Amino acid sequence: MISLASRDILHSWGKFIFTGFGLGLLIGVTLTMAGVYRGMVDDGKALLDNSGADLWVVQQDTLGPYAESSSLSDDLYRGVLAMPGVSNAVNVTYLTMQVRQGERDVRAMVVGVAPGGAGTPGWPPYLVDGRQITRSHYEAVADIATGFKIGDRLTIRRNQYAVVGLTRRMVSSNGDPMVFIPLRDAQEAQFLKDNDAILESRRRTAANPAFNRPGAPGFLDAVIAAQSTNASVNAVLVTLEPGHEPEAVAQSVRRWKRLTAFTRPEMERILVGKLIATAAKQIGMFLVILAVVSAAIVAFIIYTLTMDKIREIAVLKLIGTRNRTIAAMIMQQAVALGFIGFVVGKITASYSAPLFPKYVLLLPGDSIAGFFAVLVICVLASLVAIRTALRVDPAEAIGG
Amino acid sequence: MGAKGIRIEGLKKRYGSGDTAVDALKSVNMEIAPGEVVGLIGPSGSGKSTLLKSLGAVIDPTAGRMTLGDEVIYDEGWKVRDLRALRRDKIGFVFQAPYLIPFLDVTDNVALLPMLAGARNSDARARAMELLTALDVHHRARAMPSQLSGGEQQRVSIARGLINRPPVILADEPTAPLDSERAMAVIRILNDMAKRFETAIIVVTHDEKIIPTFKRIYHIRDGVTHEEVGEGRAVA
Ligand SMILES: Nc1ncnc2c1ncn2[C@@H]1O[C@H](COP(=O)(O)OP(=O)(O)OP(=O)(O)O)[C@@H](O)[C@H]1O
Ligand SMILES: [Mg+2]
């Protein structure tokens, strides 16, 4: 036997490599898109993993703390801590904001961690450099993706923090790197008003005769202090004692504390199903468009290549070549094009993934699925050309 | 004349129907013996291509009877079922333009049919080499078609037409693109091959240079054939 397809490809390899390369870039983009989606899911999971919690207790009827805002009194954790099955319950705050360092500023998720040290929920589980926060104020641990270095001075709102440690892959579900600071500082940062607002508020309080009582010295100061401190957190992170069902404990938190509690699977559903659902649909649309464009390109190229040799195909049919042989030739060329495209695409995606600002996770399973999708697309795209080729009348070879 | 060769009796072909019907062949009668080369000449529109297509089993005649080799291929509306296999095994085609497959070298262009039919590549190539040698193009066996001269291409296409040892070769203006020396060479080759492989060959032509070489000539006019004795000049 002789493979007409491979002989044709060898003869016009330049054309094949060229189109294969173009197709490959398209496939590379497609694989990267899938990787972006996987990266988002993985970022979400990393966020949940790194928080070290078994349960997330948030404001009643909210999907906090990541997907919706949630606000709790910072005293509630005590009640949760006393519940059966709870091993630890700590306050935490999350706030996405610009963190300034010298001339530049970086978008980061500032995490306020309760005193405790490594192993406490909310704390970075491991460091790649430096040490954990030891003082209760003005120290920070930053993710390496922020670009900060140990010893850098960060400005968050009006306060300055010294970077004492670095972590890796600590990101928000948006892919923003995290900066950990002590809870008290974070609470202050979250609710800190600007100086003018504070002055204005003080002036107004002082002007109110109900607060400014000459007969009660200290009363005005207490009111002002109460106004400018913040006793809210976004969530309570809970770890469980071994042998306790997360769902059961979550149930009793919901029942007794009039709070909402989520288990790890529920949290994943919220992150994947709600927070990144729109982005996922967006990516899905892109994948569909890219698939259609790839199919159109393959169909067009294969059609043109077939049209280029339509006379030869008429001759092949005249001298008795089977339709099957001609169809196989065209289909094999389409598949070969897809193969070249896939290889180029896979290499492109693998080399370009680290260059993306957000995490791009290329799963082998996605590549395999992509490979088969490419083959299917190529086979389908070759059908137009095959149909045309099979319709060619062998009489055309004899001519008028 | 035995059962072999080509025999055409009362062949008719009508294109279309009703008011627009064209009777391209009205009464075609021909008989070509194995080893014989006959000319088919006629003015434009007289039905030459239609006759070749009918004989080449790519269009269906309307009436009449055709025998190729020892096989009846068409008889008053009845026809052989597998026309593709018939073309592959019984008929060699040579065209005005050689239509070689551009991505196969000379040997594989000739060896293509047996290779596709499942013969061992080495056997098919050996057979191709034999023909290329007979046609004096074996020195170009590994060249690509685009690297050949017009005459060389034509000889390769003749070799391709001969590879399955068909009892019949249909040649459509095989010398049109060639100068007179090359044209004569092609005719000489066709005559040689006819003798060597007992092939019946019909050459459709307008070419004044080669007409005197035929011993017998069929004239076709308005779809009707007339037999005529040719000069049968020896080919140098
Ligand atoms: N597919 C077709 N449909 C209708 N009429 C056709 C068709 N093919 C050929 N004809 C007509 O049949 C007649 C014979 O045509 P044919 O092509 O056999 O002539 P020819 O002898 O090959 O001419 P030429 O020397 O110009 O090639 C012509 O009148 C032509 O118009
Ligand atoms: Mg014609």
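When you count the other C-beta atoms within 10 angstrom of each residue and take the mean per peptide, A:243-253, A:85-95 line up highest first as A:85-95, A:243-253. For chain B, the relative contact order works out to 28 percent when only alpha carbon pairs closer than 8 Å and six or more residues apart are counted. A Cα-only calculation for the protein assembly as shown places Rg and Dmax at 43.0, 145 Å. Remark: the protein assembly as shown carries 46 Å² of accessible area per residue (probe radius 1.4 Å; ligands, DNA and RNA excluded). Lysine pairs in chain A whose alpha-carbon atoms fall under 22 angstrom of each other, counting only those eight or more residues apart or on distinct chains, come to 10. Inter-chain Cβ neighbour count for B:43-49, averaged per residue, equals 1 (cutoff 10 Å, partner chain atoms only).
Ranked by the mean number of other Cβ atoms within 10 Å of their residues, highest first, the peptides A:204-217, A:376-389, B:133-146 come out as A:376-389, B:133-146, A:204-217. Residue separation of residue A:152 and residue A:104 scaled by 0.36 nm, minus their Cα-Cα distance, works out to 16.1 nm of gained length.
With all protein chains in place and ligands, DNA and RNA left out, the 1.4 Å accessible area ranks A:221, A:393 as A:221, A:393, largest first. The trypsin sites (Lys or Arg not before Pro) of the stretch B:6-55 include none that meets both criteria, a DSSP state outside H, G, I, E and B (loop) and at most 11 other C-beta atoms within 10 angstrom of the site's C-beta.
Given a 1.4 Å probe and the protein chains as shown, residue B:78 ends up with an accessible area of around 140 Å². Spin-label pair residue A:3-residue B:15: with each label point 7 Å from Cα along the Cα-Cβ axis, the two points sit 4.2 nm from one another.
Projecting label points 7 angstrom from Cα along Cα→Cβ for residue A:208 and residue A:387 puts them 7.7 nm apart.
Once A binds B, the 1.4 Å probe can no longer reach about 2600 Å² of accessible area, counting both sides. Length gained on full extension, residue B:195 to residue B:147: 14.3 nm, using 0.36 nm per residue less the C-alpha separation.
Per residue in the stretch A:353-400, which ones lose no less than 40 Å² of accessible surface when going from chain alone to all protein chains (1.4 Å probe)? In the stretch A:353-400, residues shielded by partner chains: A:395, A:398. Over all projection directions, the Cα-based convex hull of the stretch A:174-297 averages an area of 15.6 nm².
Since only A:367, A:333, A:295 are under comparison, the one whose Cα sits farthest along the positive direction of the charge dipole of the stretch A:277-378, derived from C-beta charges on Lys, Arg, Asp and Glu, is A:333.
Taken as Cα centroids, the stretch B:119-168 and the stretch A:1-51 sit 43 Å apart, rounded to the nearest whole angstrom.
Using a simple spin-label model with pseudo-atoms 7 Å out from Cα toward Cβ, residue A:268 and residue A:136 lie 3.8 nm apart.
To the nearest 0.05, what FRET efficiency results for residue A:129 and residue A:81 with a Förster distance of 41 Å applied to their C-beta separation? After rounding, the FRET efficiency stands at 0.80.
Per-residue mean of foreign Cβ neighbours for B:106-113 is 2 (Cβ atoms of other chains, 10 Å radius). The long axis of helix A:13-51 is offset from the longest Cα principal axis of chain A by roughly 20 degrees. Comparing B:28, B:94, B:18 along the charge dipole axis of the stretch B:1-97, the residue lying farthest to the positive side is B:94, per the Cβ-charge model. With a Förster radius of 30 Å applied to the C-beta separation of residue A:168 and residue A:293, the computed FRET efficiency comes to 0.25.
The values are calculated or read from the model by the stated rules, or taken from the named source; none is laboratory data. Keep in mind it's a predicted model, so treat the numbers as computed, not measured. Note that we place each Cβ from the backbone using ideal geometry, even for glycine, and neighbour counts take in every protein chain shown. Keep in mind that these areas ignore ligands, DNA and RNA; they rest on the heavy atoms of the full protein, side chains included. Shrake-Rupley method; radii C 1.70, N 1.55, O 1.52, S 1.80 Å.
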